[in-house]
Amino acid sequence: MMVMNQPFTTASPYLVNYDYNDVDSGLGFKIFYGIVYETSGGIAYQLNETNIEGKGAGGEAKVGGTATLNLSPFNKTKTIRGTAFIDMIYVASSGASSQKVMIYHVDGTTTTPTDISGGGITAGTMSSSLDNPITFPVELTTKKFKAGDYLRIVLSGGSYVHASLANPCKFHIPFELNL
């Protein structure tokens, strides 16, 4: 008779939890945060998986005009499909202003961006100088991202988007689950 020195198991070393809606739709949402920070060369933008303090005037980072936020390249293949949701606070900088969001797939070898947001979406026009919290959906074209490819989000408009720890700019991106 053979004796095993360690217990035999077929259980995975990973514990993954999905709710019924995730399994039924085959999608899971990942939240990315828009980070604005200052460098020696000026203002820089980034997408981050963690909400960290942006560095800007008054302890609050502001995006005005156009900002390009890139995520670090993916380390394995992922497919984006469905409707993304954008949460942000924006303020009209002068007169009536709106904010546009476009989402891109960027090929990691050629750095060529491809619009996957159907021309993007523009948040309603605001004329208030007060903070205007808004959540809006962005329909995405199904796109497979290879290892090395990355996600790019471009914010543009005549308003300022505020990004702080208390009021982060969040991008809820739907990914296909590999179950």
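Screening Lys76, Lys55, Lys62 for residues that are out of contact with any helix residue (DSSP H, G or I) (no Cβ under 7 Å at 6 or more places or on another chain), among the basic types (Lys, Arg), part of a loop (DSSP other than H, G, I, E, B) and modelled with pLDDT under 80 leaves exactly one candidate, Lys55. Would a scan of the range 162-172 turn up a residue that is surrounded by fewer than 20 Cβ atoms within 10 Å (Cβ to Cβ) and at pLDDT 90 or above? Within the range 162-172, one or more residues are surrounded by fewer than 20 Cβ atoms within 10 Å (Cβ to Cβ) and at pLDDT 90 or above. Scanning the range 97-116 for residues that are surrounded by fewer than 18 Cβ atoms within 10 Å (Cβ to Cβ) and either at pLDDT 85 or above or farther than 14 Å from Ser156 by Cα (or both) returns Asp107, Gly108, Thr109, Thr110, Thr111, Thr112, Pro113, Thr114, Asp115.
If you go through the range 23-43 and keep only what is surrounded by fewer than 15 Cβ atoms within 10 Å (Cβ to Cβ) and either among the hydroxyl-bearing types (Ser, Thr, Tyr) or at pLDDT below 85 (or both), you end up with Val23, Asp24, Ser25, Glu38, Thr39, Ser40, Gly41, Gly42. Of all residues in the range 79-96, those satisfying the criterion of being polar (S, T, N, Q) and at pLDDT below 80 are Ser93, Ser94.
The values are calculated or read from the model by the stated rules, or taken from the named source; none is laboratory data. Worth saying up front: this structure is predicted, and the values here are computed from it rather than measured. A quick note on method: Cβ atoms are made from the backbone with ideal geometry, for glycine too, and the neighbour counts reach across all protein chains shown.
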